Amino acid sequence: MNYVQIICNVITNPDSTYPIAISPYKFDISQFGEKERNSLDFTIRNISDADLEVKLVDVPSNMFKITLPKKIKVGKSEKGKIVINDSQLKNEFDKSITIELSDQTKTRFTIPVKRTIRIPGANQTSTTPMPGDKH
Amino acid sequence: MKRLTPLALLAVFLFALSGQLAAQPKITLPDVVFDFGYVMQNAKISHTFWLYSTGTDSLKIEKVTPG
């Protein structure tokens with residue numbers, strides 16, 4: 001028998017995370033309308049009493065380009081950015097990324113990444129008669 | 001007849017060995033544990049576990065059981 005095991009700590013209040021606070025706590029890169037939306041800026045605040053390094057430990061392959069701050073000093077905030085790869089721009093998805101901190105317990109956070117696409121009129125079919133159509 | 005005995009033994013040995021070497025599927029999982037760390041309640045999250053077919057026959061996954 002082969003098995004895989006997943007571990008997570010569920011949190012109910014995004015404002016009570018430690019040693020960092022991620023804003024927004026979930027990445028919604030949805031697109032409503034014609035204007036293409038392919039990225040999201042986020043902020044990570046170090047609310048601990050030690051400098052922290054941040055590294056990406058899990059990301060779906062070929063979906064995103066993620067820019068993370070390498071180091072966040074005590075009490076400071078740093079910006080990051082997630083950009084959807086061109087090949088995924090027409091897709092809707094619910095994925096996630098996992099980051100790991102350099103604190104003693106190597107704390108990890110998994111952030112959901114969601115994309116919904118709603119373009120008014122995009123699914124409407126043409127009513128123009130085509131040659132060969134029967135009426 | 002005595003000369004055939006070692007050959008017969010060899011044949012039996014090879015026959016047994018061929019059974020051992022018969023094509024067999026095998027699965028290899030390099031990573032079997034993943035720690036998501038802190039996750040917001042009701043969040044949809046995902047992780048990919050890679051399964052490698054490392055045997056000598058095709059690998060069929062017939063059942064996956066959660067829990």
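Mean per-residue shielding of peptide A:4-13 is 6, counting Cβ atoms of other chains within 10 Å of each Cβ. Here the 3J(HN,Hα) profile of the stretch A:10-26, calculated from phi with Karplus coefficients 6.51, -1.76 and 1.60 at θ = phi - 60°, is 7, 10, 9, 10, x, 8, 10, 6, 8, x, 10, 10, 9, 10, x, 7, 9 Hz, Gly and Pro shown as x.
Averaged over the residues of B:45-51, the number of partner chain Cβ atoms lying within 10 Å of the residue Cβ comes to 6.
The antiparallel fraction among DSSP beta bridges confined to chain A stands at about 90%. Shielding by partners for peptide B:26-35, expressed as the average number of C-beta atoms from other protein chains within 10 Å of each residue's C-beta, is 4. Within straight-line reach of residue A:65, meaning a Cα separation under 27 Å, sit the following lysines at least 8 residues removed in sequence or on another chain: A:26, A:35, A:55, A:73, A:76, A:79, A:81, A:90, A:95, A:106, A:114, B:44.
Rule-based calculations on the coordinates, nothing more; no lab input. Note that the structure is a prediction, hence the values are computed from the model and not measured. A quick note on method: Cβ atoms are made from the backbone with ideal geometry, for glycine too, and the neighbour counts reach across all protein chains shown.
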